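Chemist: Please find one structure pasted underneath; my questions will follow.
The values are calculated or read from the model by the stated rules, or taken from the named source; none is laboratory data. Quick caveat, the model's predicted, so the values are computed rather than measured. Here the Cβ is made from the backbone with ideal geometry for all residues, glycine too, and neighbour counts use every protein chain on show. When the accessible area is computed, the model is the full protein with side chains, heavy atoms only, and any ligands, DNA or RNA have been set aside. Shrake-Rupley method; radii C 1.70, N 1.55, O 1.52, S 1.80 Å.
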Amino acid sequence: MSGFFCDPSEISGRPAVLQPPLGPPGCGLCLLGQCKSPRMEPFGQGRLEICIVGQAPGEQEDIAGRPFIGPSGQLLSAILGRVGVDRDRDCWMTNVIQCILNTGTSGEIAQARECCASRLRNQLLAMHPRLILVLGGVALRAFFNPPGSITSRRGLVYWNRVYGAWVAPTLHPAAILRSDERQEEERRLFFQLDIERALRHLGTVPPDPAAVAYEDYSGRFDDACAFLQRMRASVGDRKSTRLNSSHTDISRMPSSA
Ligand code: URA
């Protein structure tokens, strides 16, 4: 499967062209008919058979006709690089909405998602990834019904029977970039930990792949411990310690009641 979607020589500049051509996108039905680069193709060599699914192309992506080349894409590359994944070589990238959004209202987003749904499904069926990284709440809605929130889903890894792949929701890099300073560190860390956990599922299948839903809850606790360790924080009973959730320095802890 490696290299099927894109000749390695195409990596540096031109968008990867998927073979065979994909099904009808339902273009013209939604409000995005004016976009400059409709039906943006997935990009990447996918050597590790990981597919990254984002929300929608931004301005830079729309002009270049290639997903994730702006600031979100740069953050994505940096964090993947830290865990040993070369984004363009090891992954494919695509979006739930495959044209630039005009207004980003919830109505427009929902309509665009519907219109692009068959196209995304065909792309995923053609790629047959082993792992699908789902970035942010809009992308989440393409995989879960009811979707829940990205904060409640992130960090868990789900088996998807339709695609025969693990689906790992995590934060959208744009949400990390929009965070205030304190949140940003936490969100970057969660993002990396979510990706690391998801990667551990590569090459595995759930105990019962036919199960209606399989959720791997392992690691939530690891996440919390790693985070607390990194923040040098401590958890205790709030009433007896008078600690509140913003205390991170136990050396300056208020004395016990
Ligand atoms: N954000 C996304 O969700 N997708 C892109 O392609 C670029 C930014």
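Chemist: Which ranges mark the helices (runs of 4 or more DSSP H) fully within region 143-208 that have 2 or more residues being open to solvent by less than 30 Å² (accessible area, probe 1.4 Å) and not aliphatic (A, V, I, L, M)?
Modeler: The helices (runs of 4 or more DSSP H) meeting that bar are 181-199.
Chemist: Any idea how many residues of region 63-80 are more than 9 Å from the ligand (Cβ to nearest atom) and either polar (S, T, N, Q) or within 18 Å of MET40 (Cβ to Cβ) (or both)?
Modeler: 5
Chemist: Here's a follow-up. Which of the residues belonging to region 96-111 are touching a helix residue (DSSP H, G or I) at 6+ places or on another chain (Cβ under 8 Å) and within 18 Å of GLY137 (Cβ to Cβ)?
Modeler: Selection gives VAL96, ILE97, GLN98, LEU101, ILE109.
Chemist: Within region 24-44, can one find any residue that is at pLDDT 85 or above and exposed (fewer than 14 other Cβ atoms within 10 Å of the Cβ)?
Modeler: Checked against the condition, which is being at pLDDT 85 or above and exposed (fewer than 14 other Cβ atoms within 10 Å of the Cβ), region 24-44 yields no hits at all.
Chemist: Using beta carbons and a limit of 6 Å, which pairs, at least six apart or on different chains, have the first residue in region 55-80 and free of Cβ contacts under 8 Å to residues at least 60 places away in the same chain and acidic (Asp, Glu) and the second one open to solvent by 40 Å² or more (accessible area, probe 1.4 Å) and not in a helix (DSSP H, G or I)?
Modeler: Here the result reads GLU61/ILE69; ASP62/LYS36, each pair linking region 55-80 to a residue that is open to solvent by 40 Å² or more (accessible area, probe 1.4 Å) and not in a helix (DSSP H, G or I).
Chemist: Within region 146-161, take every residue that is of a type in the set (A, V, I, L, M, F, W, C) and in contact with a helix residue (DSSP H, G or I) (Cβ under 8 Å, 6 or more places away or on another chain) and give me the one that is nearest to the ligand (Cβ to nearest atom).
Modeler: ILE150
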